[in-house]
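Only one structure is covered here, and it is reproduced in the block below.
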Amino acid sequence: MDFRSASELLELCRKEHCSIAEAMRQRECDLGETTTEAVTARMEQVLSIMRNAATAPISTPCKSMGGLIGGEAKKLSEHRASGHSLCGDVLQTAITYAMAVLEVNASMGLIVAAPTAGSAGVVPGLLLALQDCYELPTKQVVNALFNAGAIGYLAMRNATVAGAVGGCQAEIGVASAMAASAAVELMGGTPEQCLYAASTVLMNMLGLVCDPVGGLVEYPCQNRNASGVANALVAAELALSGVTQLIPFDEMLDAMYTVGRHLPVELRETALGGCATTPSACERCGKRCHTE
């Protein structure tokens, strides 16, 4: 049940008449020489950690170690309760959860890297929002996490998920691709539609730089997790509506990796360019602006 590319994954799903989640779960069982029950139990633990990280800061805000973020999730939750939210229930809930996870991460709490710590809010943000808004059983959300894992595995195998290598398009971009694909399967889409959504996300986020203020995984990382959720939701909606993708996921992944390697070092997690070198960011961190 192993696969090395999205095209091989699709062929496997067709041959075995299974979903991406089922293919990934069986792959984990085969390679780990373990049972379906054991693999599923580990994923249930992953979901439990995600749920806690996504909800705890809403009632108990977490101040980050660097002092750049903290309390954003609670503000979003209160804004929704006020009845003045511009977003629908799914997106509003998703961005709240996504930003909450980054609060937990930046305050040294327990999170699940999905695929990295700096992009850890996207997958749980969207999947937990869909579960809450559509009252989906936990079993289905656990299955969706296996789907997300398959996309993340392909990105790590054939490209990168590291901001220091490929910019934020490799972190938030891949996280959003994982979330989009998982959301499509969770809402009844086909394996082909899952990969359409994942490809669309990478296309829309191509070239996104990694420029953490002060070199900390706090800002603009938290905002980009919220934006990544929105991007994933749009891509999933397109795919589920029947909109196809011209560029296959494998090719889009190659394009993302190529663009990432061409980004200057200043825009790959060094805090030497982009947002990190704006006067306000430098002043907040007590540093001399790099552009001066």
Counting just the residues of the range 13-31 that are open to solvent by 50 Å² or more (accessible area, probe 1.4 Å) and in a helix (DSSP H, G or I), which one comes out farthest from LEU128 (Cα to Cα)?
LYS15
How many residues does the range 52-86 contain that are of a type outside the set (S, T, N, Q), in contact with a Phe, Trp or Tyr (Cβ under 9 Å, 6 or more places away or on another chain) and in contact (Cβ under 8 Å) with a residue 60 or more places away in the chain?
5
It is to be established whether one or more residues within the range 196-208 are open to solvent by 40 Å² or more (accessible area, probe 1.4 Å) and without any contact (Cβ under 8 Å) to a residue 40 or more places away in the chain.
yes
Checked against (1) within 22 Å of VAL243 (Cα to Cα); (2) open to solvent by 10 Å² or more (accessible area, probe 1.4 Å), ALA175 satisfies every condition except (2)
Scope the range 238-251; condition open to solvent by 60 Å² or more (accessible area, probe 1.4 Å), in a loop (DSSP other than H, G, I, E, B) and among the aliphatic types (A, V, I, L, M); matching residues:
VAL243, LEU246
Tell me, please, whether a residue that is at pLDDT 95 or above, open to solvent by 20 Å² or more (accessible area, probe 1.4 Å), under 25 Å from ALA271 (Cα atoms) and among the hydroxyl-bearing types (Ser, Thr, Tyr) can be found in the range 219-235.
yes
In the range 135-160, the residues that are open to solvent by 20 Å² or more (accessible area, probe 1.4 Å) and β-branched (Val, Ile, Thr)
THR138
Can you list the helices (runs of 4 or more DSSP H) lying wholly within the range 114-201 that have 1 or more residues being over 17 Å from ALA54 (Cβ atoms) and among the small types (Gly, Ala, Ser)?
138-158, 163-166, 168-186
How many residues does the range 9-28 hold that are farther than 17 Å from LEU145 by Cα and either modelled with pLDDT under 95 or within 23 Å of the chain's Cα centre (by Cα) (or both)?
1
Filter the range 205-237 down to the residues that are part of a helix (DSSP H, G or I) and over 14 Å from the mean Cα position of the chain (by Cα), then identify the one that is farthest from SER181 (Cα to Cα).
GLY214
Among the residues of the range 252-268, is there at least one that is open to solvent by 80 Å² or more (accessible area, probe 1.4 Å), within 13 Å of GLY215 (Cβ to Cβ), among the charged types (D, E, K, R) and assigned to a helix (DSSP H, G or I)?
no
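The values are calculated or read from the model by the stated rules, or taken from the named source; none is laboratory data. The structure presented is a predicted model; accordingly, all values stated were derived computationally and were not measured. As a convention, Cβ positions derive from the backbone with ideal geometry for all residues, glycine included, and neighbour counts pool all protein chains shown. Accessible surface is based on the protein model in full, side chains and every heavy atom, while ligands, DNA and RNA are left aside. Shrake-Rupley method; radii C 1.70, N 1.55, O 1.52, S 1.80 Å.
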